[in-house]
Every structure is written in C-alpha cells, then in structure tokens.
Amino acid sequence: MKIKSKTLEICPGAGYAVENITHLVNAFVEQTGVIEGQLIVFYKHTTGSIVVGEHEAGIIADLEDALESLAPSAGRYVQHLREVDYNGYAHVRSRFMPTSVVVPICEGRLVLGTHQEIQVVDNQPEELPRYVFLQVSGV
C-alpha cells in the first residue's frame, strides 16, 4: 500500500470565497500512481470548509445567502469582545460544513459525479494564504 501526502497553498480571497480545487487535487492523485484507494482532503483552518458540489455561480450565491442568514457578517459575537479579531461569523459558519472529505479513487481517477467538484469555502475577512492537506492511500 502507498500513502502519499501534499499540502496545497491557495489564496481564496477576502470575505466569503469559494475556490474550486478539483484540478489541483486531480493532478496530485495522478502523480501518486494510486489506482485503487481513497483521498482525504483536509482544510487546515477554522474559518472555512471543504465541500463537494457543483461549482456554479447561482449555487455559490445561494450558499452565501444561507450562511449570511445563519451567521450574519455584521452580527454580534462574543469572540469580538476580546478585541483581537472580528471574524466570529467566519468561525460560526465553518461549523455548519465539514473540514474534510473522503473521495474514492478507482482506476486511477477520483470517483466524482458529473457536476461534483472539490471546493474550499472560506469566510476569513482578510485575504490570507490557506492550506489544504491531501493524503492518498491505496495500491
């Protein structure tokens, strides 16, 4: 069995941002040479998530609206009382979505549906580099 790992650095942008990383993940899976196995995709931050879904402008806008309803960016958050940072909404929003996903690998390719893509959803108010850990295991 092989186990291969890699960390991607991405810059999704400030505020609500959705970045499709499927092409980067596919390239890594191909490099590993794994034919049958699984991929773990893990987001190394507390203000965002990893999701599998359709990367389409309307869906992205609808998700933003839903997250804004759950945790308004202009809301009052106890975290802000520390006066260290003011991203309480980003931390709350990330709790409603996963920080990791597992995707099967079959015949050397990710098993994703026609419109499924691997995406980072982040809400960090500042534009900062973000890190996604990838790990493939299999034969």
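For the chain, what does the helix formula give at 222 nm: sum of -39500 (n - 2.57) over DSSP H segments with n ≥ 4, over the residue count, nearest 500 deg cm²/dmol? Don't skip to the end; give the middle numbers.
Numbers: 3 runs with 32 residues, N = 139.
Theoretical 222 nm ellipticity from helices: -7000 deg cm²/dmol.
Projecting the Cα atoms of SER137, THR7, THR46 onto the dipole axis of the chain, where Lys and Arg carry +1 and Asp and Glu carry -1 at the beta carbon, places SER137 farthest toward the positive end. Charging the Cβ of each Asp and Glu at -1 and of each Lys and Arg at +1, and nothing else, the dipole of the stretch 72-113 about its Cα centre rounds to 120 debye. Going by accessible surface with a 1.4 Å probe and the largest first, PHE42, PHE96, PHE133 read PHE96, PHE42, PHE133. Here the accessible area of the chain is 55 percent carbon and sulfur, with a 1.4 angstrom probe and all protein chains present.
Within the full protein context, the accessible area of LYS6 is estimated at about 80 Å² for a probe radius of 1.4 Å.
Is there a quick way to get the dipole size of the stretch 1-69? I mean about its Cα centre, with the Cβ of Lys and Arg at +1 and of Asp and Glu at -1; what is the value in debye to the nearest 20?
Working: 4 positive and 10 negative charges, 126 e Å.
So the magnitude is around 600 debye.
Around the Cα centre of the chain, unit charges on the Cβ atoms of Lys, Arg, Asp and Glu (plus for the first two, minus for the last two) sum to a dipole of about 620 debye.
Could you please put ILE10, ILE60, ILE40, ILE3 in sequence from largest to smallest accessible area, using a 1.4 Å probe?
On the way: ILE10 5, ILE60 35, ILE40 60, ILE3 110 Å².
Descending accessible area places them as ILE3, ILE40, ILE60, ILE10.
Which residues does a label at SER5 reach in the stretch 18-42, if reach means a backbone N under 13 Å from a point 7 Å past the Cα toward the Cβ? Taking a point 7 Å out along Cα→Cβ of SER5, the residues of the stretch 18-42 whose backbone N falls under 13 Å are 40-42.
Considering only VAL121, ALA61, ILE35, the residue lying farthest towards the positive end of the dipole of the chain is ILE35, judged by Cα position with unit charges set on Cβ.
Starting from the eigenvalues of the Cα gyration tensor, five times each then square-rooted, give me the equivalent ellipsoid semi-axes of the stretch 1-56, largest first, whole Å. Intermediate results must be reported in sequence, preceding the final value.
Details: eigenvalues 114, 31, 21 Å².
Semi-axes (√(5λ), whole Å): 24, 13, 10.
Using the Cα coordinates of the stretch 69-139, the gyration tensor eigenvalues translate into equivalent-ellipsoid semi-axes of 34, 13, 10 Å, sorted from longest to shortest.
The values are calculated or read from the model by the stated rules, or taken from the named source; none is laboratory data. As the structure is a prediction and not an experimental result, all values here were calculated from the model. Positions of Cβ are backbone-derived with ideal geometry, glycine not excepted, and every protein chain shown enters the neighbour counts. Accessible surface is based on the protein model in full, side chains and every heavy atom, while ligands, DNA and RNA are left aside. Shrake-Rupley method; radii C 1.70, N 1.55, O 1.52, S 1.80 Å.
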